[in-house]
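Have a look at the structure below before the remarks.
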Amino acid sequence: MTHSPALLVAPAVFGHINNVMYYAYMDDAVNAHLLDNGVGVNYARMVLQSGCRYMQPISYPCIIDVGLRISKLGRSTATYDIGLFQAGVDAYAAQGTYTHCYVDASGRPVSIHPNARAVLSVLLPPDEN
């Protein structure tokens with residue numbers, strides 16, 4: 001679980017965090033996990049797809065908690081399930097999904113390096129680890 005301060009960047013006129021920021025929080029949480037565990041730019045990857053289902057607004061100022069898990073770990077792809085919560089609130093503010101594909105220098109899919117796979121595997125549900 002990562003904790004991020006809500007940023008006052010283009011706040012919606014309705015007094016809550018703009019929807020585009022939810023994607024930034026998801027991206028930050030995924031990449032923080034990877035970078036903090038040694039999966040840097042030397043393990044090239046690109047986002048194949050992402051999505052977000054909004055349940056309730058997050059109001060500024062606050063702390064946003066972001067939970068990660070891997071829902072599918074393939075040969076060259078990793079799909080994350082991401083939960084965004086306003087700190088202190090048990091209900092989802094949003095549920096996201098995000099798929100990375102690991103690639104070579106030409107952008108073609110490659111097998112996930114064993115070091116990166118080990119870092120990703122800790123996010124698999126216990127019965128799939």
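Calculate for the chain the 222 nm mean residue ellipticity that helices alone would give, adding -39,500 (n - 2.57) per DSSP H run of length 4 or more and normalising by residue count, nearest 500 deg cm²/dmol.
Result for the chain: -6500 deg cm²/dmol, rounded to the nearest 500.
Please give the solvent-accessible surface of ARG117 in Å², to the nearest 10, using a probe radius of 1.4 Å with every protein chain present.
Result for ARG117: roughly 70 Å² accessible.
State in Å² the accessible area per residue of the chain; use a 1.4 Å probe, count heavy atoms of protein chains only, and round to the nearest integer.
With all protein chains present, the chain gives 55 Å² per residue.
Could you please state how large a percent of the accessible area of region 13-129 is carbon and sulfur, counting protein chains only and using a 1.4 Å probe?
So the carbon and sulfur contribution to the accessible surface is 54 percent.
Just to confirm the number: angle between the C-alpha axis of helix 19-36 and the first principal axis of the chain, 0 to 90 degrees, nearest 10?
Helix 19-36 sits at roughly 40 degrees to that axis.
Tell me, in nm to one decimal, what length is gained between SER71 and VAL89 on full extension, where the rule is 0.36 nm per residue of separation less the Cα-Cα distance?
Going from the current span to full extension adds 4.1 nm.
Positive end of the dipole of region 23-89, charges at C-beta (+1 Lys, Arg; -1 Asp, Glu), about the Cα centre: which of ILE70, GLY40, ALA29 has its Cα farthest in that direction?
Positive-most Cα among the choices belongs to ILE70.
The values are calculated or read from the model by the stated rules, or taken from the named source; none is laboratory data. In this text the structure is predicted, and so the values were computed from the model without any measurement. Here Cβ is always computed from backbone atoms with ideal geometry, including for glycine, and neighbour counts include all displayed protein chains. Accessible surface areas use protein heavy atoms only, side chains included; no ligands, DNA or RNA. Shrake-Rupley method; radii C 1.70, N 1.55, O 1.52, S 1.80 Å.
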